[in-house]
Amino acid sequence: MKEVNQAIYDEIFKLSQTLDFNTFNYLPEDTGYPFVYVGEQFANPTQVKSNIVSIGSSIITVHLYGEKDNRRLITDMMEQLLTKVKVLRKADVYNVSFAKENIQVISDNSVSPMLWHGILELEINYSN
């Protein structure tokens, strides 16, 4: 049995791969665009009196990068991944449910030429 946040992370990663997105758990240096980087995760456990019960939420940030002429591709990819996440019900042995999202698309001028950086922050509730 995996730790709950790792189980959720792994499911998000797998969902991205099932959509045939080039998906990484790190920011790659030498790869083509577009790609997905499943990044930061924040745990929000709820304190319960039992050591057996685990409930709370997990917030995962998914980053999508695309070339400057492909903003629509990045937003379409974000929507496809979000659609899959919204119907996710299991992560390892845990019951999970989509809670909310925060979506941003920003220009990334850290490289030349400029890139589009989609940021999809997902909140997933869990229980066992």
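The values are calculated or read from the model by the stated rules, or taken from the named source; none is laboratory data. Quick caveat: nothing in here was measured; it's all calculated off a predicted structure. With ideal geometry, Cβ positions are generated from the backbone for all residues, glycine too; neighbour counts draw on all protein chains shown. Note: accessible area is taken over every heavy atom of the protein model, side chains too, but ligands, DNA and RNA are not part of it. Shrake-Rupley method; radii C 1.70, N 1.55, O 1.52, S 1.80 Å.
Along the Cα→Cβ direction, 7 angstrom out, place labels at residue 40 and residue 92. What is the inter-label distance in nm?
Taking the simple label geometry, residue 40 and residue 92 are separated by 2.3 nm.
Using Cα centres only, tell me the gap between region 16-68 and region 90-110 in whole Å.
Distance between centres, Cα-based: 7 Å.
Classify region 17-58 as rounded, prolate or oblate from the Cα gyration tensor: take a ≥ b ≥ c as the square roots of its eigenvalues, call it rounded if a/c is under 1.5, otherwise prolate when a/b beats b/c and oblate if not. Mind dumping the intermediate values first?
On the way: a/c = 5.05, a/b = 3.12, b/c = 1.62.
Prolate.
Applying the Karplus parametrisation 6.51 cos²θ - 1.76 cosθ + 1.60 with θ = phi - 60° to the phi angles of region 86-93, what ³J(HN,Hα) value in whole Hz is obtained for each residue in order, glycine and proline being reported as x?
Taking θ as phi minus 60°, the curve returns 5, 9, 5, 10, 9, 9, 6, 9 Hz for region 86-93.
Enter the accessible area per residue of the chain (Å², integer; probe 1.4 Å; all protein chains in place).
On the way: 7310 Å² over 128 residues.
Ligands and nucleic acids excluded, the figure is 57 Å² per residue.
Give the cross-link partners of residue 86 among the aspartates and glutamates, using a straight C-alpha distance below 15 Å as the criterion and excluding same-chain residues fewer than 8 apart.
Here the aspartates and glutamates satisfying the reach criterion relative to residue 86 are 11, 101, 121, 123.
Per 5 Å bin, what percent of the C-alpha pairs of region 41-94 does each bin hold, from zero upward?
Bin by bin from 0 Å, the calculated values are 4, 14, 16, 20, 15, 11, 8, 6, 3, 2, 0.
If amide H atoms are built 1.01 Å from N in the plane of the peptide, which residues on other chains or at least 5 residues away come under 5 Å of the amide H of residue 2?
The answer is 93.
Considering only 95, 51, 22, give the residue with the highest GNM mean-square fluctuation for the chain, with springs between Cα atoms whenever their separation is below 10 Å.
Highest fluctuation among the options: 51.
Can you tell me the orientation of helix 4-18 relative to the chain, as the angle in degrees between its alpha-carbon axis and the longest Cα principal axis, to the nearest 10?
For 4-18 against the chain, the angle is about 40 degrees.
Around residue 19, with a cut-off of 14 angstrom between Cβ atoms, what is the net charge of the other residues, counting Lys and Arg +1 and Asp and Glu -1? Numbers along the way, then the final one.
On the way: positive: 14, 84, 86; negative: 11, 20, 76, 79.
Surrounding charge for residue 19 is -1.
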